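Here's the structure, in C-alpha cells; my notes come after.
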Amino acid sequence: MIEVSSLSYSAGSTPILHDISTTLERGGITALIGPNGAGKSTLLHCISGLEKPASGSVRIDGHDPFAVPHRQRARLVALLQQSPALVSRLKVRELVSFGRWPHHQGRPCAEDEAMVDRALTAFALTDLAGRTIDTLSGGQRQRAFIAMTYAQDTPWMLLDEPLNALDPRHARDLMARLHALSRDSSRSIVIVLHDINAAAGWADHIIAMKDGRIVAQDASASVLTEATLRDVFDTPFELLHHKGRPVVVAR
C-alpha cells in the first residue's frame, strides 16, 4: 500500500499541499480529481519521490521513496508526467524499452525484451513498434508513453493527466485498457483526471482535492455525490445514471 501521513509541500514560499494523509490499497484505480491548482499533480510527484515534501512522510509498500536508491525506487513506482519530453526520431519500441532501464542498466536480456513485447501488446502498439514517435497520432503517442511506464513493471503506476488532448474515443479506449490491467492486484494505478465522468466510469476509489487539501476520499460511489462535487468545484452538478453507470453533468 501507499501511506501518506501529514504531508505538506511548498514551492518556495508558496504552500501547495496542507497536511495530506491518505492510504491507497493495492489493486484497482485510484483517481485524483479536483479543480486546477488543487495540488493533484504535486501530490502525485511527492508520492513518486520526485518532489520532497516540507514535512510528513510517504511509504510505498513500506519503503521511503526519498531514502531508497534511485534504482530501487524505480522498481517500486513508475511515474508518467504531463507532456513528457518527445524525442521525435525515436521508434516506438525504443521508447517503450526505456521502461526496462531500472532492471537491466543498459544490458537487456530476453526477459526485458519479453516485457517490452507484453507492453506493446497491452496497448495495441505491436504494429506500430517500428514507427517513429513523430509519425503517431496524439492517442497513439500517449499509449506509447504509458506502455513505457507499464514496461517498468512496478507495482504502482502513477499517471498525471494522461487523457489530456485525447478525443472521447481514445480517452475511453485508454481508460478501458488501464482498468483491465488494474484488475490484477499486482498492478495498481493512481491517475490524475480532469474528466469527472472518466473517474466515475472507471475508478475504484476517488480522492477529491481542493486548495491543497483532501476534501473527500472513499469508494467512487461514496465520493461522487452532488453535494461533494459542488463543494469541490464550486459549481452545481447533477448525478444521473445510464445503463447502470453514473454520469455527472454540470448545471
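The values are calculated or read from the model by the stated rules, or taken from the named source; none is laboratory data. Just so it is clear, the model here is predicted, and its values are computed rather than measured. Virtual Cβ from ideal backbone geometry, glycine too; neighbours counted across all protein chains shown. For the accessible areas, the whole protein counts, side chains as well, though only heavy atoms, and no ligand, DNA or RNA atoms are used. Shrake-Rupley method; radii C 1.70, N 1.55, O 1.52, S 1.80 Å.
What the table below lists for this structure:
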| read-out | value |
| --- | --- |
| The range 195-222 residues that are closer than 13 Å to Phe233 by Cα, paired with ones that are surrounded by 20 or more Cβ atoms within 10 Å (Cβ to Cβ) and charged (D, E, K, R) (beta carbon under 7 Å, 6 or more apart) | Met209/Lys40 |
| Test: residue in the range 233-248 that is open to solvent by 40 Å² or more (accessible area, probe 1.4 Å) and under 22 Å from Leu44 (Cβ atoms) | yes |
| Test: residue in the range 103-110 that is modelled with pLDDT of 90 or more and not hydroxyl-bearing (Ser, Thr, Tyr) | yes |
| Given (1) under 19 Å from the mean Cα position of the chain (by Cα); (2) modelled with pLDDT of 90 or more; (3) of a type outside the set (Lys, Arg), number of the condition Asn164 does not satisfy | (2) |
| Qualifying residues in the range 207-222 (those that are under 10 Å from Gly39 (Cα atoms) and within 19 Å of the chain's Cα centre (by Cα)) - the one most open to solvent (accessible area, probe 1.4 Å) | Arg213 |
| Among (1) within 27 Å of Asp19 (Cβ to Cβ); (2) open to solvent by 40 Å² or more (accessible area, probe 1.4 Å); (3) at pLDDT 90 or above, the one test that Ile196 misses | (2) |
| Options Ile47, Ile33: the member that is surrounded by 23 or more Cβ atoms within 10 Å (Cβ to Cβ) and under 22 Å from Leu76 (Cα atoms) | Ile47 |
| Checklist (1) under 14 Å from the mean Cα position of the chain (by Cα); (2) aliphatic (A, V, I, L, M); (3) open to solvent by less than 20 Å² (accessible area, probe 1.4 Å) applied to Val92, failing item | (1) |
| Leu159 vs. criteria hydrophobic (A, V, I, L, M, F, W, C) and under 24 Å from Ile2 (Cα atoms) | yes |
| Single residue of Leu178, Leu159, Leu125, Leu174 found to be at pLDDT 90 or above and over 16 Å from the mean Cα position of the chain (by Cα) | Leu125 |
| Residue count, the range 152-174 (criterion: on the phi < 0 side of the Ramachandran plot and either open to solvent by 50 Å² or more (accessible area, probe 1.4 Å) or not hydrophobic (A, V, I, L, M, F, W, C) (or both)) | 12 |
